[in-house]
Every structure is written in C-alpha cells, then in structure tokens.
Amino acid sequence: MSEVAIELAKLKVPHRRTPKKVVAGRMIMIAIGAILMAVGLELFLVPNQILDGGVVGVSIIISHLTGVRLGIFIFILNIPFFFLGYKQIGKTFALSTLFGITILSLCTSYLHHIDPFTKDLLLSTVFGGIVLGVGVGLVIRNGGSLDGSEILAILFNKSLPFSVGEIIMIINLVIFSIAGFVFNWEQAMYSFLAYFVAFKTIDIVIQGLDESKSVFIISEKVEDIGDTVMDRLGRGVTYLHGEGAYTGDSKKVIFTVVTRLEEAKLKSIVEEIDSHAFLAVGNIAEVQGGRFKKKDIH
C-alpha cells in the first residue's frame, strides 16, 4: 500500500453502528407489520379468494392451484429478491426483508386454519386492505419489505422508460388479470380494490395523518408577515435571501412549515398584510429536528 493510501485510510471516518436498542425496536416493528399482513391475508382476503399484488399475489394463485400452504410459496418466491435486494440496496435492507418475510410465512401458515372474520366480499376487501396496508407500511417505515416486486421494479426501472410505481402497477395488473381467469373477474376487481385500499393505507402509515406543509412567501412586507405568523400561528419562520432573475432585485423570502389545519389561517394572514404577495405551498412527508414545535399563541 502506498504512503498516500495509508494516510487516506487513517483519515477515513469509521462506520457508526446503529445502536442495538434501535435495531431491536425496528425488528419488533417489522415483526408486528408482518403479523398484521398475515392477518389481512389469511383472515380477510385469501379465504374470500381476493388477492394482494406482487409476489404475494402470485403465491396466492399458485397456492390455490396446488393446495400447498401459502406461506411456503411466499418464502420460496421471495428468496431470489432477497439476493437482489442485498446487491442493489444493501445488507441491512436485505436482512430486514428476510426477517419480515420469514415471520410472514410462518404466520400465514399458522393462521391458515382459523376461520375468517367475515365472508362479506366488500368488508373483506376494505378491512383486509387496511390491515394489510398498515402491516406493509410498518415494515417499509422500519427499513424492510415484504414483497420482492418492488426490488424487481427498481431493476427494470434502469432499462425501461417507466417509473418504479408504474412498473409495479403494470406487474399487478398482469397478476389481477391472471386472477380473473383462475378465480373469476369479480374476485379480480375486488382484488384491485383491496390493493388500492392497501396502497393508500401504506402512504398514511409512512407519511402520517398530520401532513405538514412547506411554505415560501415573497413579499415587500416580509417582516410584518413573519412577525404575524410567529405571533398568531406560533410557528417559527426563516428569512432566505433571493434575487429576482428578471429585475436583479434583492428579495427576502419567508420559509416556514405549518400543519394542514394551519394552512388556511396562514393564507388569510398573508392576504391580510399583502394581497400581492407570492405564496407557494408544498407537501412534506416528514419533519424532524429544528424548531418545528409549536409555540404558545399570544
């Protein structure tokens, strides 16, 4: 090794290990998520011949045709994606995914002989989708996955002119179409509805119900607006310095973060102080750190 390489090696910052308590907490949440998905499948969807998407959907079809337990196919069919995930995303993701899929496979096998909560197709579709979505959302939020189709979509995304979400949708449309022939088209439509409910529930679990909004305000009265926002909303503001591309004028820009319920009040404040102010509002999935905590309103 050259002297330069040795010096660089000395300067290299060591990789900080994740604390064991954090890892244990994530594993517990992944296990809970996998159990909830198993409940959604075996106590709502599968007994009523309603499918989930992805590898789990394929597993349900094969299990129905062969009579072999669902959990076996979920585990076997996801093994190739475990190795792909290891190469494409990393060791932690792959191990978390393997752990979650193992729990899911064992729980579906255990719950297979328990009677479903309901035989009503609509109730099974809606509540099965919700329970399944909560489970998948918990697993994704804690760094794992319960279905290899997402990994496959990431790989295809590199060579196809489609986004990851579009590729997953295409894969699932094919699976639900096959389900129409294996079961019937009514079950296929219920399956698509269950997938939609689960998809929306996953978003809520990952992003949370209390969605935050980022706000940029450009005005000639930035100090007045900023003081009023802090006083009447209890939110901190940050002044950014900008420059108009057309005029070259220096401008002050207000940046702040509010909750969805505070958005209307913020707009009324801006309108009241400067009706000509430029205001841009965007969605934020998560806010951490800083001074986002709400102050007392005077």
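Read-outs throughout are calculated quantities, based only on the coordinates presented, and are distinct from any laboratory measurement. Since this is a predicted model, take the numbers as computed values, not measurements. All Cβ positions, glycine included, derive from the backbone under ideal geometry; neighbour counts span all protein chains shown.
Exposure proxy for 186, 150: other Cβ atoms within 10 Å of each Cβ, ordered fewest to most, give 186, 150.
With neighbour counts taken as other beta-carbon atoms within 10 Å, the residues 249, 274, 52 rank, fewest first, as 249, 274, 52. Taking the chain as the reference, fit the longest principal axis to its C-alpha atoms, fit the long axis of helix 91-111 to the helix C-alpha atoms, and give the angle between the two in degrees, 0 to 90, nearest 10. The angle comes out at about 50 degrees. Under a Gaussian network description of the chain, with springs only between Cα atoms under 10 Å, the residue in 70, 36, 266 that fluctuates furthest is 266.
In the chain, the longest principal axis of the Cα atoms and the axis of helix 70-88 are about 40 degrees apart.
Comparing 180, 100, 53 in a Gaussian network model of the chain (Cα springs below 10 Å), the most mobile by mean-square fluctuation is 180.
About its Cα centre, the chain has a charge dipole of approximately 1180 debye under the convention of +1 per Lys or Arg Cβ and -1 per Asp or Glu Cβ, with nothing else charged. Against the chain, whose longest principal axis comes from its Cα atoms, helix 164-182 is set at around 30 degrees. Counting neighbouring beta carbons within 10 Å and listing from fewest to most, the residues 253, 131, 68 come out as 68, 253, 131. The spacing between region 110-182 and region 30-108, judged by their C-alpha centroids, is 10 Å. With a simple spin-label model that places each label point 7 Å from the Cα along the Cα-to-Cβ direction, the separation between residue 251 and residue 91 comes to 5.0 nm.
In terms of distances greater than 18 angstrom between alpha carbons, the cross-link table entries 200/267; 20/91; 213/252; 221/252; 221/267 yield 200/267; 213/252.
Taking each DSSP H run with n ≥ 4 as -39500 (n - 2.57) and averaging over every residue of the chain yields -19500 deg cm²/dmol at 222 nm. Subtracting the Cα-Cα distance of residue 276 and residue 65 from their residue separation scaled by 0.36 nm leaves 69.4 nm.
All Cα-Cα separations within the chain were binned at 5 Å from zero, giving a P(r) of 1, 5, 9, 12, 13, 10, 9, 9, 9, 9, 7, 5, 2, 1, 0, each value a whole percent of the pairs.
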